[in-house]
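First the structure, in the form of structure tokens, and then the observations on it.
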Amino acid sequence: MSEKDIHHEHHEHPKGATITDHVHYQDTEGVIRFEEDHGHHDSDRNKKNFIHTYIFSTDHKMIGKQFLITGIFWAIIGGGLSNIFRMQLGFPDVPLHFIGAIFGDKWAPNGVMTPDFYNMLITMHGTILVFFVLTAGLSGTFANLLIPLQIGARDMASPVLNMLSYWFFFLAGLVMFISFFVPSGAAGVSWVFYPPLSAIREASVGSETGADLWLVSMSFFIVSSLLGGLNYITTILNLRAKGMSMAKLPLTIWALLITAILGLLSFPVLLGAAILLMFDRSMGTSFYLDKIYMSGIGAMPHEGGNPILYQHLFWFLGHPEVYIVILPAFGIVSEVLAVNSRKPIFGYRAMILSMLAIAALAFFVWAHHMFVTGLNPFVGSVFVFLTLLIAIPSAIKVFNWITTMWRANIRYTPAMMFSVGFVSLFISGGLTGIFLGNSAIDIQLHDTYFIVAHFHIVMGVAAFFGMFAGVYHWFPKMFGRFMNRTMGFIHFWITFVGSYCIFWPMHYQGMAGVPRRYYSHGAFESFNKFGALSEFITIAAIVVFLAQLLFVFNYLYSMYRGKKMTELNPWKANTIEWTTPINPGHGNWDGPIPTVHRGPYDYGKDGEDFIPQTVPMRPGETTHHG
Amino acid sequence: MTTYLVIAALLLIGILVVQISKANEYINILRGDDAELDTDKINGVLWYIFTVVFLVGIVWSTYHYLPLFLPVSASEHGHWIDSMFNITLILTGIVFVLTQVALGYFAWKYHGKKGKLGFYYPENNKLEMIWTIVPAIALTILVVVGLYYWFRITGPASDNARVVEITGKQFNWLVRYEGPDGKLGTNNWKLIDETNSVGIDFTDSTGLDDLMPSDLHFEVNKEYLIKIGARDVIHNVGLNHFRIKMDAMPGLPTHFKFTPTITTDEMRKITGNPAFDYEMCCDYLCGKGHSAMKMMVYVDTKTQHEAWLKTQKSFFELAIKGTDEEKKIGSLAKMEGDEKKKSEHSNH
């Protein structure tokens, strides 16, 4: 059945199609209808009460905003934690009395934090930012906001699952938040959670109740991302507007589709790993444990398990996870770069193929996190080869972005600044991956600050830049107002320069062999020569964190007081989300859904600044979109 | 007091930034398109300045910190790793400069101008083939060189390599050397207790002469095979100057072979630091004492090493002989003997 047929059928038999659910369906004109409300949807907005509109909303736009605001909340906590442990690394002599005031005096007697507290901070920093901010906050926000709007759908295929996806995420966050305040504190065994440290309660303070709550929270989180992912895939494959073939999809949608597939295939493996770990912790099984003697307890009863099994399971998710984090940013940056360069994205098809290649390879490189675990050298060599293969599609993407800017007519919005910044960061962080992917070099750089610098630049800060670009660009779509541009530019330059100031010097520390996850480097003559550099990094980290507060202020202020949107298409973009009303209701378009005739990147074509996707092809016009 | 002053200053700066931004926004609305073009120009110029300062800053800071990079390698394979690092640095360095310069230059050169359109340039297959194939060739070189060294580093140790056993525990290292018999005695985690820290099985006579010194000593230019394990959680044997990192895990033994090439005394001259010593650290988070899990490492000349060995007494002699522990072992040996007889008996 061709795509056209599917669409046709969906329009003619709205109730028979399985993809629609009990809450709403699209009628023959593509107008959304509700079972309890068979009138036009225009009025439903006014009928809904506060709880339906803002809390248990099934409107994809509201769910996107919920993901975003929750993500911002967690980003402030996760980033704030990093500032606290950076104080320990840069200025260990400065007493921090507020730690005792918030968490209890035993974590920081006289304002000096304990190693257990430090381990808790780094664990929570990693978990929160990787999962709650850069997975849920980034994918959750933009998949929800953009998929129906950019493909031309009234809502997600299953709005109720979508709502559940948010509330499972909320539950995961709630459990994680509570874990900070149990007597033994939150988990403190690093975000990768390797057993036996994470499996034996007596192994450290951070292995006690906090670790149980971490596992429960992650399980809820995985459920959330699976519900979301299923919905994103179903929606993109089934609910595209008339004429919106896969080859006419904006790159944002392609990126979000591939992200959802990656998540769907990899997150269940982490759930499995987490459940086995729960068994080992609480029910005396030995999946990951063998021959353990704990000082103070004696020989443990566990026998026959394998600690490496967990690492394989974890990284089978963990590596695709970094692409789950960065792919949505790829999509957003591609879109924003093209719109503001007033040029088509260079190599639309190559951009899709390279994302598919990265996604496919993502499943076959996980063991490059395990080069120094005593892995069979032959297996290691296969993973070296496959890992360095990923550099090729990544290089294609970088060259294509740069070429997109060649002979452009660049309009600098804050979103565009963050997109260009993203490309710079992705180059810097991507190239250091070539060192780490080569197993022999990895022996020296493994678990040093070099890897910290690498992944923070290439997936941490870069993914954040993608998120910022998206927020600045689609803020008018979310709230009908603009964010303040001047504050946006100040936010950009401090964040961009500051991030390089934080992470660039870490390469130097890493090359000297300075290990990560160290509470203090004072005990080692080889590692304690970087005091001044550590202070510099800490100051830069604090400045960058403060600049984010400026962003949060700008966001909240502009929601209510920002410049109002007066035209439908302020960025002169081609994609169809800009054909909806300024404040679209549930159902997005007041009238019928527009029909799509062309690809999303016809900028500067045939002497026209831009040609929206809804404009029919002229006779004899050629296209690159199938 | 200073805390409050700092907070007050930060608040003031914040308010200032917000007020200027708000005022600027109103001015821009009044000025319309011109203001937008000015923003484009200013940001374009800022990109140009950033790129120059960034690249110059990198060169300066790299030069400044050069003496601290990759500390002098004191093992044979360390030089291989260092040379690979340098090859990769040169290759990636070229790509880094070219792409960052192109990005910064385009960001400046093509900032928005009035009445201009972007150049419609959606595809060029030839160009895309070039930047698929060139990186592919460069990466192939890196993979081939990398794997050549990888297999040499991880290959089997020669038969006459000396064996040293390193065991990680929260939060210190335990090392064990072969005694004069040239064999490590068998050990068993179930025999571990407060005294017998790695669970040597003393009913097996090869374990009686094993040494358990408190420092690591290697003889220069001799091949060593380190056998690595752990008692409780995952640790990682980190020997920075020797370019060694290998996980130490309970229940899953690992190993690493290497040849130290520079003695401690020579290294003191090379680094110009008369107090220099090699150190072993833990490179995988193992709990609250992780960052203090240190053991001193000495690389001796042949004569130094022999002299050191002479001062060492076997672990059995030092810690077990004449204690209650010895009696325990005696009865254990008897029990095991009895069991063996029993099983032999039942087999008959």
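Any read-out appearing in this document is the output of simple, stated calculations on the displayed coordinates, not a laboratory observation. Values in this document were obtained by computation on a predicted structure and should not be read as measured data. Note that we place each Cβ from the backbone using ideal geometry, even for glycine, and neighbour counts take in every protein chain shown.
Only Cα pairs under 8 Å and 6+ residues apart enter the sum, and on that basis the relative contact order of chain A stands at 15 percent. A Förster radius of 30 Å, combined with the Cβ-Cβ distance separating residue B:105 from residue A:624, puts the computed FRET efficiency at roughly 0.70. Comparing Cα centroids, the stretch A:182-231 and the stretch A:471-500 end up 34 angstrom apart.
Put a dot 7 Å past the Cα of residue A:167, heading toward its Cβ, do the same for residue A:566, and the two dots end up 4.3 nm apart.
Of all the C-alpha pairs in the stretch A:164-285, what % are more than 18 Å from each other? The proportion of pairs with Cα distances above 18 Å equals 60 percent. Its relative contact order, with pairs defined as Cα atoms under 8 Å and 6+ residues apart, puts chain B at 16 percent. Once the mean of 1/r is taken over each pair of separate Cα atoms and inverted, the stretch B:162-338 shows a Kirkwood hydrodynamic radius of 17.1 Å. With the simple model of a label 7 Å out from the Cα in the direction of the Cβ, residue B:19 to residue A:282 spans 5.6 nm.
Look at the stretch A:529-535: the mean tally of other chain Cβ atoms within 10 Å of its residues' Cβ atoms is 1. With Cα atoms defining each centre, the stretch B:158-185 and the stretch A:293-309 are spaced 22 Å apart in the structure.
Packing, taken as the mean count of other beta carbons within 10 Å per residue, orders the peptides A:206-219, A:505-518, B:79-92 from highest to lowest as A:505-518, A:206-219, B:79-92. Over chain B, DSSP H runs of length four or greater, each weighted -39,500 (n - 2.57), average out per residue to a 222 nm ellipticity of -17000 deg cm²/dmol. Placing +1 on the Cβ of every Lys and Arg and -1 on the Cβ of every Asp and Glu, with nothing else charged, gives the stretch A:392-494 a dipole about its Cα centre of roughly 640 debye.
Helix check for chain B. Which DSSP H runs span at least 18 Å along their own axis by Cα, with a mean Kyte-Doolittle hydropathy no less than 0.5? Span-like helices here: B:2-31, B:76-109, B:125-154.
Under a Gaussian network description of chain B, with springs only between Cα atoms under 10 Å, the residue in B:311, B:254, B:195 that fluctuates furthest is B:311. With R₀ fixed at 30 Å, the C-beta to C-beta distance from residue B:326 to residue A:202 puts the FRET efficiency at about 0.50.
Note on A:184-194: average number of Cβ atoms from other chains within 10 Å of each residue's Cβ is 2. Computed over the protein assembly as shown, the percent of Cα pairs more than 54 Å apart is 20.
Compared with the dominant principal axis of the Cα atoms in chain A, helix A:159-179 is inclined by about 20°.
Projecting the Cα atoms of B:18, B:137, B:206 onto the charge dipole of chain B, computed from C-beta unit charges around the Cα centre, puts B:18 farthest toward the positive end.
Between residue B:296 and residue A:83, what is the FRET efficiency for a Förster distance of 56 Å, r being their Cβ-Cβ separation, to the nearest 0.05? The calculated FRET efficiency here is 0.95. By the beta-carbon count within 10 Å of each Cβ, the least crowded to most crowded order of B:241, B:64, fewest first, is B:64, B:241. What separates the Cα centres of the stretch A:605-624 and the stretch A:359-382 is a distance of 47 Å. Counts of other chain beta carbons within 10 angstrom of each beta carbon in peptide A:497-505 average 2. Modelled spin-label separation between residue A:523 and residue B:311, with each label point placed 7 Å from Cα along the Cα-to-Cβ direction: 2.4 nm. Assuming charge only on the beta carbon of Lys and Arg (+1) and of Asp and Glu (-1), the dipole of chain A about its Cα centre is about 1380 debye to the nearest 20.
For chain A, adding -39500 (n - 2.57) for each run of n ≥ 4 DSSP H residues and dividing by the number of residues yields -19000 deg cm²/dmol at 222 nm.
Placing +1 on the Cβ of every Lys and Arg and -1 on the Cβ of every Asp and Glu, with no other charges, gives the stretch A:127-262 a dipole of roughly 660 debye about its Cα centre. Projected onto their three principal axes, the Cα atoms of the stretch A:324-381 cover extents of 52, 19, 14 Å, largest first. Computed over chain B, the percent of Cα pairs more than 39 Å apart is 46.
Rounded to the nearest whole Hz, the Karplus-based 3J(HN,Hα) values (6.51 cos²θ - 1.76 cosθ + 1.60, θ = phi - 60°) of the stretch B:196-212 follow the sequence 7, 6, 10, x, 5, 8, 7, 6, 9, 5, 5, x, 5, 9, 5, 9, 10, with x at glycine and proline. Here's the picture: charge each Lys and Arg Cβ at +1 and each Asp and Glu Cβ at -1 in the protein assembly as shown, and of B:220, A:457, B:67 the one pushed furthest to the positive end of that dipole is A:457. Length available on full extension from residue B:273 to residue B:41: 0.36 nm per residue minus the Cα-Cα distance, which gives 78.2 nm. Of all lysines in the structure, those lying under 23 Å Cα to Cα from residue A:343, and not within fewer than 8 positions of it along the same chain, are A:248, A:397, A:477, A:572, A:605, B:41, B:109, B:113, B:114, B:116, B:126.
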